[in-house]
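The values are calculated or read from the model by the stated rules, or taken from the named source; none is laboratory data. This structure is a prediction, so every number in the text was calculated from the model and none was measured. Ideal geometry is used to build each Cβ from the backbone, glycine not excepted, and the neighbour counts take in all protein chains shown.
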């Protein structure tokens with residue numbers, strides 16, 4: 001068996017082992033979709049470094065382990081330290097890819113909001129789920145979205161009716177327990193806001209234990225006309241975790257998506273955002289932050305397309321890479337010929353804080369229209385010696401000075417999001433990585 005066939009065979013065995021326990025096996029459209037996804041995966045295989053979208057990122061850490069779909073998950077978990085909001089309107093908690101009712105709370109939701117487990121929704125309202133998933137093209141994005149579809153099991157199901165406006169956030173917590181096994185969670189999240197609906201989501205992926213784990217998350221977001229969604233995502237999984245997430249947006253006219261993507265944890269992580277804006281006057285804004293130290297890899301890919309006039313997109317990402325960490329930023333905005341009067345911005349700034357750290361950044365603009373306002377740029381630098389000298393000359397130690405400058409660098413991303421718990425998590429992660437990095441390796445001279 002060749003080196004390329006071995007991981008595919010392991011995943012085929014994973015599919016066979018999981019199949020009897022998947023929900024909705026009697027639903028015709030879902031069975032057809034799973035079969036098509038399985039065929040796509042087994043015939044096309046996984047990408048390699050020769051695949052353009054993966055040229056900077058090796059998949060060895062994801063393909064080599066033999067993953068297991070866990071069947072046991074408990075409700076005795078204390079989630080207090082993981083919550084991001086004290087006044088959340090509702091909270092859904094998933095452990096190893098399965099909804100845990102005992103840890104979740106939805107009783108405070110107003111009328112017009114249905115929120116729960118996708119597995120449950122498939123059981124009680126399969127026709128409604130079919131409205132959003134039966135014709136989904138997301139599985140064709142990659143081998144991993146096909147894998148997610150073939151193993152479609154559970155995830156978030158959120159539907160907010162037209163005109164419903166939530167004034168407090170909804171919290172989504174995904175916990176991976178990796179203590180004595182190598183679990184994989186194939187999460188499928190469906191989020192629908194009808195016309196004029198408004199909501200804020202705080203989504204978090206975290207981990208317990210130091211064994212390898214693999215989270216493969218696919219989130220489909222559909223925004224009706226004039227809908228507004230604020231969506232903060234935090235990836236802070238365990239030290240041996242592999243995390244792969246896809247966010248696919250479908251926006252109707254005059255809708256607005258404002259997002260925050262934060263990648264702090266895990267050994268290997270990759271986040272992808274896909275949005276083809278096909279209706280006029282849609283807005284897409286995404287701020288992002290990634291911090292990679294030790295032997296971490298953090299990878300961000302954006303694929304944003306302006307297909308019609310009068311749409312706006314803005315993406316702004318910052319990264320800090322230290323130790324032997326690696327980061328990849330690959331952002332692409334495409335403005336098609338019919339997309340006149342478009343406005344698009346794409347910027348990526350990075351701090352490289354050690355001699356052994358590495359960043360590959362590739363912001364791209366493809367413009368085929370002539371009446372547009374578009375800009376893009378990237379920067380890679382170190383802490384300014386003059387700023388360090390200024391702080392140290394006022395009695396601030398080197399470690400504290402480095403910490404202050406790094407915190408100032410990331411605050412531009414966080415300042416528009418008034419979520420104190422997120423700010424605290426970033427500061428804690430940054431402090432820990434700075435403390436673990438020898439000063440000799442991080443000296444800007």
**Message:** Checking residue 334 against (1) crowded, with 18+ Cβ neighbours inside 10 Å; (2) outside any loop (DSSP other than H, G, I, E, B), only one condition comes out false. Which one?
**Reply:** (1)
**Message:** Just the residues that are closer than 23 Å to residue 437 by Cβ, touching a residue at least 60 places away in the same chain (Cβ under 8 Å) and within 24 Å of the chain's Cα centre (by Cα), please, taken from region 371-418.
**Reply:** 406, 409, 410, 412, 413, 414
**Request:** Find the residue count for region 202-231, including only residues that are surrounded by fewer than 22 Cβ atoms within 10 Å (Cβ to Cβ) and within 15 Å of residue 83 (Cα to Cα).
**Result:** 2
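Table: residues versus (1) modelled with pLDDT of 95 or more; (2) loosely packed, with under 12 Cβ neighbours inside 10 Å; (3) in a helix (DSSP H, G or I).
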{"site": "3", "(1), (2), (3)": "no, yes, no"}
{"site": "8", "(1), (2), (3)": "no, no, yes"}
{"site": "11", "(1), (2), (3)": "no, no, yes"}
{"site": "34", "(1), (2), (3)": "yes, no, yes"}
{"site": "38", "(1), (2), (3)": "yes, no, yes"}
{"site": "42", "(1), (2), (3)": "no, no, yes"}
{"site": "57", "(1), (2), (3)": "yes, no, no"}
{"site": "70", "(1), (2), (3)": "no, no, no"}
{"site": "73", "(1), (2), (3)": "no, no, no"}
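Of everything in region 134-149, what is assigned to a loop (DSSP other than H, G, I, E, B) and in contact with a helix residue (DSSP H, G or I) (Cβ under 6 Å, 6 or more places away or on another chain)? Give them in sequence order. Walk me through it before giving the result.
Initially, region 134-149 is screened for residues assigned to a loop (DSSP other than H, G, I, E, B), giving 134-137, 141-142.
Of everything in region 134-149, just one residue is assigned to a loop (DSSP other than H, G, I, E, B) and in contact with a helix residue (DSSP H, G or I) (Cβ under 6 Å, 6 or more places away or on another chain), namely 134.
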**Item:** Residue tally, condition in contact with a helix residue (DSSP H, G or I) (Cβ under 9 Å, 6 or more places away or on another chain), within 30 Å of residue 181 (Cβ to Cβ) and not in a loop (DSSP other than H, G, I, E, B), over region 249-269
**Value:** 2
**Request:** Give me the pairs, please: first residue somewhere in region 78-102 and outside any strand (DSSP E or B), second residue anywhere and buried (at least 18 other Cβ atoms within 10 Å of the Cβ) and modelled with pLDDT under 90, beta-carbon distance under 6 Å, and either six or more positions apart or on two chains.
**Result:** 96/70
**Complete:** When residue 180 is run through (1) crowded, with 16+ Cβ neighbours inside 10 Å; (2) modelled with pLDDT under 95; (3) over 19 Å from residue 274 (Cβ atoms), the failure sits at (1)
**Prompt:** Looking at region 150-162, is at least one residue touching a residue at least 60 places away in the same chain (Cβ under 8 Å), under 18 Å from residue 21 (Cα atoms) and out of contact with any helix residue (DSSP H, G or I) (no Cβ under 6 Å at 6 or more places or on another chain)?
**Reply:** yes
**Message:** It is to be established whether one or more residues within region 290-301 are assigned to a strand (DSSP E or B), within 27 Å of residue 371 (Cβ to Cβ) and without any contact (Cβ under 8 Å) to a residue 60 or more places away in the chain.
**Reply:** no
**Asked** How many of the residues in region 185-240 are part of a strand (DSSP E or B) and more than 22 Å from residue 274 (Cβ to Cβ)?
**Response** 6
